[in-house]
Amino acid sequence: MEPTTLETTWYALLGAVWVLYFVLGGIDLGVGQLLRRTDRATALRAIGPTWAANDVWLVIAVAITLGAFPGWYAEFMSGAYLPLVAVVAAVMVRHGGIELIGHATPRAQARWERVIVGTSLAIPFLWGVIWAGAFDGSLAAGGDAGLGIFTPTGIVAGLALTALCRLQGLAFLRLRVPGVRDRLSARAVSVPAVALLLAALVVFATQAPSGLALGPVGLGLGVLCATGLAVVVRAAALGRDLPTLLGACAAMTGAFGALFAVLFRTPIAGSGPHSVALSEAASGATTLGAMLAISVVLLPLGLAALGYAYVRFLRPPADAPRGGVGGLVARAARGTLRELR
């Protein structure tokens with residue numbers, strides 16, 4: 001049975017929310033991976049205004065799946081039970097570490113730093129394994145409380161997602177934190193990230209179960225992923241950080257968008273007790289319509305708040321020199337305020 005318009009709309013919205021989480025939250029996870037290779041306090045301040053808000057997209061994705069596709073939610077949770085428990089535990093511990101590290105003793109700070117790095121590596125790796133399991137049939141087959149999804153396909157996907165998050169975090173830090181450019185090379189990180197992502201795409205293309213098709217939307221997103229990788233390779237070689245970050249984000253968007261396009265009719269592909277067809281897993285039209293009416297109001301507000309946070313807090317530091325009339329006015333205003341105080 002073909003999905004209805006409402007079901008298709010909610011599937012597309014869910015895919016967009018997951019992409020937002022992996023793009024924006026992936027930057028934060030990448031920064032966490034590099035915490036011991038730069039100044040910890042400065043790196044955490046760089047993501048301080050947004051890292052918790054970015055993880056809200058994960059909460060929204062889970063809530064949408066539960067509300068719009070309860071059958072999918074049930075089979076996803078039971079088919080990948082232990083890996084999902086590990087993800088939730090890692091997210092909780094990472095949040096605790098980031099919040100507590102500034103209030104701990106120097107010895108405890110060193111331990112918390114290792115915890116943050118470890119969980120920042122574990123979270124994207126586990127998500128890569130889980131979503132690869134939804135693709136290659138291992139999640140549908142179930143078994144061993146979800147440990148059966150640790151297949152060669154899943155491990156390659158997990159490593160690729162981890163490396164791509166690391167690249168995003170590095171490019172972000174090189175843009176935001178003075179001195180990082182001299183210590184961390186974007187080119188050294190971009191090579192394994194691009195190689196692993198290409199390997200994951202090749203494995204996915206050769207191991208796709210029967211019945212899955214890329215389609216025109218998936219093809220377009222695949223082109224976006226390939227274009228992002230090309231930009232990363234070129235920009236990292238030239239030491240240009242903003243194009244590197246944008247290229248990595250485009251590659252992440254294209255890769256996960258294409259995966260969702262492939263899984264459109266069967267979000268848990270393959271044969272087995274946990275396989276799912278989208279039309280059979282969806283809620284009724286009344287529920288989907290009510291949720292859509294609410295989301296029309298709430299999702300734009302959430303996006304606006306997050307956009308404001310990025311514009312307001314992720315601009316260059318206040319004491320950074322700026323040229324032009326705007327920079328002159330800003331410096332004069334700051335001087336006047338200092339004199340008034």
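The values are calculated or read from the model by the stated rules, or taken from the named source; none is laboratory data. Since the structure is predicted, the reported quantities are computational estimates derived from the model, not experimental observations. Cβ: placed from backbone, ideal geometry, glycine included. Neighbour counts: every protein chain shown.
Inside region 1-10, residues that are assigned to a helix (DSSP H, G or I) and surrounded by fewer than 24 Cβ atoms within 10 Å (Cβ to Cβ) make up a count of 5. With respect to the conditions (1) part of a helix (DSSP H, G or I); (2) in contact with a strand residue (DSSP E or B) (Cβ under 9 Å, 6 or more places away or on another chain), S295 lacks only one, and its number is (2). The residues of region 40-72 that are out of contact with any Gly (no Cβ under 8 Å at 6 or more places or on another chain) and not hydrophobic (A, V, I, L, M, F, W, C), listed by number, are R40, T42, R45, G48, P49, T50, T65, G67, P70, G71. Annotation: G222 fulfils all but one of (1) more than 30 Å from R187 (Cβ to Cβ); (2) surrounded by 15 or more Cβ atoms within 10 Å (Cβ to Cβ); (3) not aliphatic (A, V, I, L, M); the unmet one is (1).
Please determine whether any residue of region 258-266 is at pLDDT 90 or above and touching a strand residue (DSSP E or B) at 6+ places or on another chain (Cβ under 7 Å).
Within region 258-266, one or more residues are at pLDDT 90 or above and touching a strand residue (DSSP E or B) at 6+ places or on another chain (Cβ under 7 Å).
Considering region 85-198, the qualifying helices (runs of 4 or more DSSP H), each wholly inside and each with 1 or more residues that are more than 22 Å from the chain's Cα centre (by Cα), acidic (D, E) and under 29 Å from G247 (Cβ atoms), run over 180-183. Quick check on region 11-29: of everything there that is of a type in the set (G, A, S) and more than 19 Å from G218 (Cβ to Cβ), which residue is surrounded by the most Cβ atoms within 10 Å (Cβ to Cβ)? The extreme case among them is G26.
Could you say which residue among G97, G79, G32 is surrounded by 23 or more Cβ atoms within 10 Å (Cβ to Cβ) and touching a Ser or Thr at 6+ places or on another chain (Cβ under 6 Å)?
G32
Residue pairs whose Cβ atoms lie under 8 Å apart, sitting 6 or more positions apart in sequence or on different chains, and linking a residue in region 36-58 that is touching a residue at least 12 places away in the same chain (Cβ under 8 Å) to a partner that is basic (K, R), are R36/R114; R37/R183; T38/R183; A46/R176; P49/R312. One residue alone among A195, A171 is modelled with pLDDT of 85 or more, farther than 30 Å from A74 by Cα and buried (at least 24 other Cβ atoms within 10 Å of the Cβ), and that residue is A171. From A46, A74, A41, grab the single residue that is within 19 Å of the chain's Cα centre (by Cα), at negative phi and either assigned to a helix (DSSP H, G or I) or buried (at least 17 other Cβ atoms within 10 Å of the Cβ) (or both). Result: A46 is the single residue among A46, A74, A41 that is within 19 Å of the chain's Cα centre (by Cα), at negative phi and either assigned to a helix (DSSP H, G or I) or buried (at least 17 other Cβ atoms within 10 Å of the Cβ) (or both). Within region 252-273, the only residue that satisfies the criterion of being crowded, with 23+ Cβ neighbours inside 10 Å, small (G, A, S) and not in a helix (DSSP H, G or I) is A269.
Of the set (1) crowded, with 22+ Cβ neighbours inside 10 Å; (2) more than 25 Å from Y11 (Cα to Cα); (3) of a type in the set (D, E), all apply to D144 but (1). With the structure loaded, tell me whether L301 is within 23 Å of the chain's Cα centre (by Cα), modelled with pLDDT of 90 or more and surrounded by fewer than 18 Cβ atoms within 10 Å (Cβ to Cβ) or whether it fails that test. Taking the combined requirement at face value, the residue does not satisfy it.
Is it the case that region 131-141 has a residue that's buried (at least 18 other Cβ atoms within 10 Å of the Cβ), under 18 Å from V202 (Cα atoms) and charged (D, E, K, R)? Within region 131-141 (the criterion being buried (at least 18 other Cβ atoms within 10 Å of the Cβ), under 18 Å from V202 (Cα atoms) and charged (D, E, K, R)), the answer is yes, since at least one residue qualifies.
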